[in-house]
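See structure below.
The values are calculated or read from the model by the stated rules, or taken from the named source; none is laboratory data. What you see is a predicted model; the values in this text were computed from it and never measured. Virtual Cβ from ideal backbone geometry, glycine too; neighbours counted across all protein chains shown. Side chains included, ligands, DNA and RNA excluded: accessible areas come from the protein's heavy atoms. Shrake-Rupley method; radii C 1.70, N 1.55, O 1.52, S 1.80 Å.
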Amino acid sequence: MPLTMNRNVFITCAVTGSGGTQDKSPHVPRSPKEIAASAIDAAKAGAAVVHCHVRDPETGAPSRRLDLYREVTDLIRAADVDVVLNLTAGMGGDMVFGSTEAPLPLNEKGTDMVGATERMAHVRECLPEICTLDCGTMNFAEADYVMTNTPGMLRAMGSMMTELGVKPEIEAFDTGHLWFAKQLVQEGTLASPALVQLCMGVPWGAPNDMNTFMAMVNAVPDDWTWSAFSLGRDQMPYVAASVLAGGNVRVGLEDNLFLEKGVLATNAQLVEKAVGVIEGMGAKIMGPEAVREKLGLTKRAPGA
């Protein structure tokens, strides 16, 4: 497929994530106030969408607490800058096995496995405009950790998102995830046209070489909207690659802590740098209202 550059690009900022980065940079936000403030700064810098996890305010460990999600949601919606809110629904599918000779019982440290209704509790409570759907199970870099999303679990969660009127952002970490996402649309679990985030370079998903990237891009249906990102020092090169290949972009501290070698970044600085790359290519930055119109989203009032 020939490249068709995207001339109207929206930026998603992934604000904090659930990885063990909380002690690697002072800029990784922990408390709801810090997460919301960082998201708002990213919006002011040019992000149309903010993708948010929550963390334990004391330890920085990933959390699924409803009160933390509620506080982040209310603070962002009450801000003096408009932004599309995207909450993760990826938590609650973490499985850590025991040793290679005794994989069961599971290692309680790091294992967090709950049902579809509980995984969706904060989405039902906060009704973000977008929430993520990690469209497959995969091994991660850690030796015995598996991100678990079975077809049955994904069908259940996808159906709940559709019923709630929350737009799923399909996170595809490999080509098979896109294959299953198309199946979910075909059977009516998810509405078409869908929204996809191509997650490149996450061990051990799709490697972030250009051949694999274009295989992922070419597997996205023509009428779907997609974004892409990669990790660490490859974050900004993938801003350019995504725009050139016809997509939108994601940056943020969930995926990369550095503005340049040895210089720790804030979310706003990463967004500002992405804006410079995009505008330097001759494309324009879309605002949140244009994104809502493009994706068929409805803005929620504060307290909703």
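Criterion first (within 18 Å of the chain's Cα centre (by Cα) and among the hydroxyl-bearing types (S, T, Y)) does S63 satisfy it?
On the way: within 18 Å of the chain's Cα centre (by Cα): yes; among the hydroxyl-bearing types (S, T, Y): yes.
Judged against the criteria, S63 is a match.
Count of region 235-257 residues, restricted to those that are open to solvent by 30 Å² or more (accessible area, probe 1.4 Å) and either touching a strand residue (DSSP E or B) at 6+ places or on another chain (Cβ under 6 Å) or among the hydroxyl-bearing types (S, T, Y) (or both), is 1.
Of the residues making up region 209-234, just one is touching an Asp or Glu at 6+ places or on another chain (Cβ under 6 Å) and crowded, with 21+ Cβ neighbours inside 10 Å, namely F229.
Across region 102-113, what is the number of residues that are open to solvent by 60 Å² or more (accessible area, probe 1.4 Å) and either acidic (D, E) or within 23 Å of the chain's Cα centre (by Cα) (or both)? Explain how you work it out, then say what you get.
Applying the first criterion (open to solvent by 60 Å² or more (accessible area, probe 1.4 Å)) to region 102-113 yields 104-105, 107-109, 113.
Right, trim to either acidic (D, E) or within 23 Å of the chain's Cα centre (by Cα) (or both) and you get 108, 113.
Going through region 102-113 one residue at a time, the tally reaches 2.
Output the residue which, of all residues in region 190-204 that are in contact with a Ser or Thr (Cβ under 8 Å, 6 or more places away or on another chain) and surrounded by fewer than 20 Cβ atoms within 10 Å (Cβ to Cβ), is farthest from V220 (Cα to Cα). Among those residues, the one meeting the criterion is A191.
Let's see how each residue does on (1) in contact (Cβ under 8 Å) with a residue 24 or more places away in the chain; (2) over 23 Å from Y145 (Cβ atoms):
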{"site": "V166", "(1), (2)": "yes, yes"}
{"site": "I170", "(1), (2)": "yes, no"}
{"site": "W179", "(1), (2)": "yes, yes"}
{"site": "V196", "(1), (2)": "yes, yes"}
{"site": "M200", "(1), (2)": "yes, no"}
{"site": "N211", "(1), (2)": "no, yes"}
{"site": "A215", "(1), (2)": "yes, yes"}
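Condition first: open to solvent by less than 30 Å² (accessible area, probe 1.4 Å) and within 18 Å of V114 (Cα to Cα). Now tell me which residues in region 59-101 satisfy that. Of everything in region 59-101, those that are open to solvent by less than 30 Å² (accessible area, probe 1.4 Å) and within 18 Å of V114 (Cα to Cα) turn out to be S63, Y69, L87, T88, A89, G90, M91, G92, G93, D94, V96.
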